[in-house]
Amino acid sequence: MHDKSIAEMSAALAGREVSSEELTRHFLARIGELDGALNSFITVTPEKALEQARTADERRARGEAGPLTGIPMAHKDIFCTRGVRTSCGSRMLDNFVSPYDATVVERMSAAGMVMLGKLNMDEFAMGSSNETSYYGPVHNPWQQDHVPGGSSGGSAAAVAARLVPAATATDTGGSIRQPAALCGVTGLKPTYGRVSRYGMIAFASSLDQAGPMTRSAADAAWLLGAMAGFDERDSTCLEHPLEDYPALLDRPLQGLRIGLPREHFGEGLDAETAAAVHQALAVFEAAGATVKEISLAHSMLSVPAYYVVAPAECSSNLSRFDGVRFGYRCEEPVNLEDLYKRSRGEGFGAEVKRRILVGTYALSAGYYDAYYLKAQKVRRLIKDEFGRAFDEVDVIMGPTTPGPAFRIGEKTSDPVAMYLSDIYTIAANLAGLPALSVPAGLVNGLPVGLQMVGNYFDEGRLLGIAHRFQQETDWHRRTPPGFA
Ligand code: GLN
């Protein structure tokens, strides 16, 4: 049952072959049995899940079920969930029970989906390996001494290990696509503003975007349809018509113009990962697509620009965690300053502190022009460069990451090496473009991903392209050993 696609599960529910309660119990049992080795969940919510499952079954009995009614899923622990701890992977919010639901959570519940729990992540979504979580690292289901990627490492590992059919995740610089690639699942970061950020704990507000993580592009199409759309509670959410994503999956690849950024195939790219990507590209060519080399020279400045902009925004966003209104508070503060200092000092981990320091510095008088303003100018150059590329090609493809998953502990003492894991993903966030990663091969038994970047609002088109690829290949059906 756990290997079925969302469409197949939906059909099984509609045909009364299985009830949502049975399906939910099946996945809860898998989590109980297998997650000890992975640590992909921070919180499992069996009672709430079974209650939602029974409600879904009742809805179905009354003839009021939609296609997603009764299908289990889990949320990255960055989304506020009413009555359930919402930790954001941090000691700071270890005691925080949200009084309201994020829009994404509200919409998925309204569609009748069943929440199994909250998934592990890097603290405040800062990281590329899920090692900064207060709740401990997540293990890659393919090889458990390896990282799952981050920051949405729990979402990727849980989907890959078939502990959940689907998960939500967020992507500020690659946190959906990079872990999806390293765990062998499909992850989509929609156009900035396509999905509401209301109730999604902010890291860098001008970059953060939520999206689905699933085994296939077809499953992602179902989830995106339920998540996306205008929300007046998020002033950056866009009023742009939604597409019927699942209905539009079958588009021909004939004539598709694919651009390969020369800079994404150069120094730093692992040779076997490059070979997997080239094999994937051959699948598109065989289906009638054309491939041409393009240049994204400015996008190679995306890592330095991002590591000014993202920390700057995070230093402002995270100022709200002060030990006063909610979250962690130090023991017996002697005065207000001591309360602030110790609550923040004890509540935040090292990577979060590093970002707050860098961001505060970059925004300070005298340095603002040299760093923040400069980074914003580079950002504009990157956006304009993509604009020119999309005059010539329909989609930009390349590796999602420079190589497969690395070992736990391998990069923790070298922040710059860690930051470079996102070298191919960050530019899409700086430009606000939709981008997706699909499984494209195995390198020494570890998955690698093919990234596709589309023009604004092309998420439907990207899902269709990925779907066609998944009809020709079976990388997305491979299961990590021990999790079949
Ligand atoms: N790895 C990047 C960072 O640490 C991106 C994280 C993300 O997308 N949330 O900032």
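Of all residues in region 441-459, those being closer than 20 Å to Leu223 by Cβ and of a type in the set (Gly, Ala, Ser) number 2.
Would you confirm whether any residue within region 406-420 is closer than 18 Å to Ala220 by Cα and not in a helix (DSSP H, G or I)? No, region 406-420 contains no residue that is closer than 18 Å to Ala220 by Cα and not in a helix (DSSP H, G or I). I need every pair where a residue in region 143-172 that is over 28 Å from Ser206 (Cβ atoms) and within 16 Å of the ligand (Cβ to nearest atom) has its Cβ under 7 Å from the Cβ of a residue that is open to solvent by 10 Å² or more (accessible area, probe 1.4 Å) and part of a helix (DSSP H, G or I), sequence separation at least 6 or different chains. Short answer, once both residue conditions are applied: none.
Could you tell me whether Arg107 is at pLDDT 95 or above, part of a helix (DSSP H, G or I) and within 19 Å of Ala12 (Cβ to Cβ)? Here the answer is no, as Arg107 does not meet what is asked. Once region 368-380 is narrowed to residues that are without any contact (Cβ under 8 Å) to a residue 40 or more places away in the chain and open to solvent by 90 Å² or more (accessible area, probe 1.4 Å), the residue that is farthest from Ser206 (Cα to Cα) is Asp369.
Does region 243-262 hold any residues that are out of contact with any strand residue (DSSP E or B) (no Cβ under 9 Å at 6 or more places or on another chain) and open to solvent by less than 80 Å² (accessible area, probe 1.4 Å), and which are they? Those that are out of contact with any strand residue (DSSP E or B) (no Cβ under 9 Å at 6 or more places or on another chain) and open to solvent by less than 80 Å² (accessible area, probe 1.4 Å): Glu243, Tyr245, Pro246, Ala247, Leu248, Leu249, Arg251, Leu253. Within region 399-426, residues that are charged (D, E, K, R) sit with their Cβ atoms under 9 Å from residues that are assigned to a strand (DSSP E or B), at 6+ positions apart or across chains, in these pairs: Arg407/His146; Glu410/His146.
Does Arg233 satisfy the condition of being more than 16 Å from the ligand (Cβ to nearest atom), at negative phi and in contact with a strand residue (DSSP E or B) (Cβ under 9 Å, 6 or more places away or on another chain)? Answer is no for this residue.
Of the residues making up region 11-30, those that are out of contact with any helix residue (DSSP H, G or I) (no Cβ under 8 Å at 6 or more places or on another chain) and touching a residue at least 60 places away in the same chain (Cβ under 8 Å) are Phe27, Arg30. Screening region 263-316 for residues that are at pLDDT 95 or above and of a type in the set (Asp, Glu) and picking the one that is surrounded by the most Cβ atoms within 10 Å (Cβ to Cβ) gives Glu313. Scanning region 110-137 for residues that are touching a Ser or Thr at 6+ places or on another chain (Cβ under 8 Å), in a loop (DSSP other than H, G, I, E, B) and away from the ligand (no atom under 14 Å from the Cβ) turns up Ala111, Gly112, Met113, Tyr134, Tyr135, Pro137.
The values are calculated or read from the model by the stated rules, or taken from the named source; none is laboratory data. Fair warning: this is a prediction, and the values are worked out from it, not measured in the lab. Here Cβ is always computed from backbone atoms with ideal geometry, including for glycine, and neighbour counts include all displayed protein chains. Just so you know, the surface numbers come from the protein's heavy atoms only, side chains and all, with ligands and any DNA or RNA stripped out. Shrake-Rupley method; radii C 1.70, N 1.55, O 1.52, S 1.80 Å.
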